[in-house]
Amino acid sequence: MIRYIPEFILQMQAQQKLSGGFKGFALLIDIADFTPISTEFQQYGKQGAEELSIFLDFVFKEPIRLVECYGGFVTLFAGDAFCAVFPDRNEADSNQDRALEAGLEIIRYFRDLDVYHTSTGDFSLTVRQSVSYGEIFWQIYANDLQNEYVFYGQPLKALAELSEQKQEIIFSAEAVAQIGADGFIPSQPQGFLPSASWLENKLKLPVQGSSDQPQTSDSLDYLPALALFLNPKYHGESFQPEIRSAAFCFANLEGIPTAEREVAVTLLQVLADKYGGFINKYDATDKGLVALILFGIPRSEDRTLERICNFALETVEDIPQLSLGISCGSVIAAFAGSGKVREYTALGSPVNLASRLMSKARPGEVLADSYLWQELHSAFDFAYLGSLNLKGI
């Protein structure tokens, strides 16, 4: 399947439970300097796309295995990163030992793998972790085309903010309170870093041990539920890594009242389907509830740029609380993740640009990149807003 749906969500869907929450740890793992790495792979065409897919499988395989062996599960992929949660087993038993040990084992693993060798060259490999704790909520949005799910809450928002500090591992105040404050040093503007001595002593200790293999159910158990989370037009299809020219839309739904979001998600799905767009995922972190819609991926159709513009205009007309960022360009279309825990997505600078533009857009506004203007200014009305300083761009 080209979408990743956590088994937890499939279980809830099978039981017809559409929302809930639990206390637990959240963990974000991201690859440092991934954009230049993906850009380098892209120069080698199809071979580079295949190499990047192998690279992502290699980088994520062991962390995913460790997360699952210590009782956690992946909630979301975000290109060069993934988020996982470790639900508390019960009110009296915090899972701090499981979450912490998983994080420490991941550090041990990557400290021995500082260089990644490929047929196209060698790449330095640095993986960063952010750890938080608190009440984590989940929601399933049901509709006739493609169900959606999202995990949200303060711990997930904290992960995005902590990751900005680009540390090997950093903890929120709530996570430190669960683990024990000894050995941690406050970090500005927020968060706590383990002292060098504390971390080195922890890494020298024998591995606490976990299950040899994660305990997962047969995917056939949830096949009916799984089918609900993928638009029927993509059922049974598989796609190979490749370089693709496509267009990308990030839509921020945070301005929509919570009670009205299920209707908005359904309408967004209908409009995306109408214009040949594929809703890749929903995320809810520091930017609020955000959707990523791909055009030209996974299926390539004619007049991609016109379709994304028409989609954007009709979307903000029907849902004026939305703010949209759209862009286009050449990307690598490949799988992020490893084994059954992976998803098909777009990787590259144009995707990042659409996200940055969305963060600057106001409700009811669509911000587009200059290339879209160059290609379509004779067909659509654009208003020049001047240059923007965007994160990393």
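The values are calculated or read from the model by the stated rules, or taken from the named source; none is laboratory data. These numbers were taken from a predicted model, which means no experiment stands behind them. Here the Cβ is made from the backbone with ideal geometry for all residues, glycine too, and neighbour counts use every protein chain on show. Remember, those area values only see protein heavy atoms, side chains included, never the ligands or the DNA or RNA. Shrake-Rupley method; radii C 1.70, N 1.55, O 1.52, S 1.80 Å.
Before moving on, here are some points about what is shown:
- Considering residues of the stretch 127-166 that are assigned to a helix (DSSP H, G or I) and of a type in the set (D, E, K, R) only, the residue farthest from Pro6 (Cα to Cα): Glu161
- Leu313 fulfils the conditions (1) assigned to a helix (DSSP H, G or I); (2) under 30 Å from Glu164 (Cα atoms) except for a single criterion, (2).
- When Tyr149, Tyr133 are checked against the criterion of being open to solvent by less than 60 Å² (accessible area, probe 1.4 Å), touching an Asp or Glu at 6+ places or on another chain (Cβ under 6 Å), modelled with pLDDT of 95 or more and not basic (Lys, Arg), Tyr133 stands alone in meeting it.
- Residue pairs meeting the criteria (Cβ under 7 Å; at least 6 apart or on separate chains; first farther than 16 Å from Ser349 by Cα and part of a helix (DSSP H, G or I), in the stretch 362-375; second open to solvent by 80 Å² or more (accessible area, probe 1.4 Å) and of a type outside the set (Val, Ile, Thr)): none
- For the stretch 110-124, the tally of residues that are touching a residue at least 24 places away in the same chain (Cβ under 8 Å), over 21 Å from Glu168 (Cα atoms) and not hydroxyl-bearing (Ser, Thr, Tyr) stands at 1.
- Test: Val263 is open to solvent by 60 Å² or more (accessible area, probe 1.4 Å) and either farther than 19 Å from Val351 by Cα or at pLDDT 95 or above (or both): yes
- Taking the listed residues Asp144, Asp112, Asp88, the one that is of a type outside the set (Gly, Ala, Ser), surrounded by fewer than 23 Cβ atoms within 10 Å (Cβ to Cβ) and more than 26 Å from Phe192 (Cβ to Cβ) is Asp144, with no other qualifying.
- Some residue of the stretch 99-106 being modelled with pLDDT under 90 and within 14 Å of Pro206 (Cα to Cα): no
- Just one of the listed residues (Glu105, Glu50) is out of contact with any His (no Cβ under 6 Å at 6 or more places or on another chain), in contact (Cβ under 8 Å) with a residue 12 or more places away in the chain, surrounded by fewer than 20 Cβ atoms within 10 Å (Cβ to Cβ) and assigned to a helix (DSSP H, G or I), namely Glu50.
- For the stretch 143-171, a tally of residues being touching a Leu at 6+ places or on another chain (Cβ under 8 Å) and of a type outside the set (Gly, Ala, Ser) returns 11.
Conditions (1) in contact (Cβ under 8 Å) with a residue 60 or more places away in the chain; (2) buried (at least 20 other Cβ atoms within 10 Å of the Cβ); (3) in contact with a strand residue (DSSP E or B) (Cβ under 8 Å, 6 or more places away or on another chain); (4) under 24 Å from Ile293 (Cα atoms), marked per residue:
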{"position": "Ala14", "(1), (2), (3), (4)": "yes, no, no, no"}
{"position": "Lys23", "(1), (2), (3), (4)": "yes, no, yes, no"}
{"position": "Ile29", "(1), (2), (3), (4)": "yes, yes, yes, yes"}
{"position": "Glu40", "(1), (2), (3), (4)": "yes, no, yes, no"}
{"position": "Tyr44", "(1), (2), (3), (4)": "yes, no, no, no"}
{"position": "Val74", "(1), (2), (3), (4)": "yes, yes, yes, yes"}
{"position": "Thr126", "(1), (2), (3), (4)": "yes, no, yes, no"}
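- Of all the residues in the stretch 172-185, those that are outside any loop (DSSP other than H, G, I, E, B) and touching a Leu at 6+ places or on another chain (Cβ under 8 Å) number 3.
- Here the stretch 348-371 is the region considered, the condition is being modelled with pLDDT under 95 and touching a helix residue (DSSP H, G or I) at 6+ places or on another chain (Cβ under 8 Å), and the residue that is farthest from Thr35 (Cα to Cα) is Asp369.
- Any hit, the stretch 188-206, residues being in a loop (DSSP other than H, G, I, E, B), surrounded by fewer than 16 Cβ atoms within 10 Å (Cβ to Cβ), hydrophobic (A, V, I, L, M, F, W, C) and at pLDDT below 90: yes
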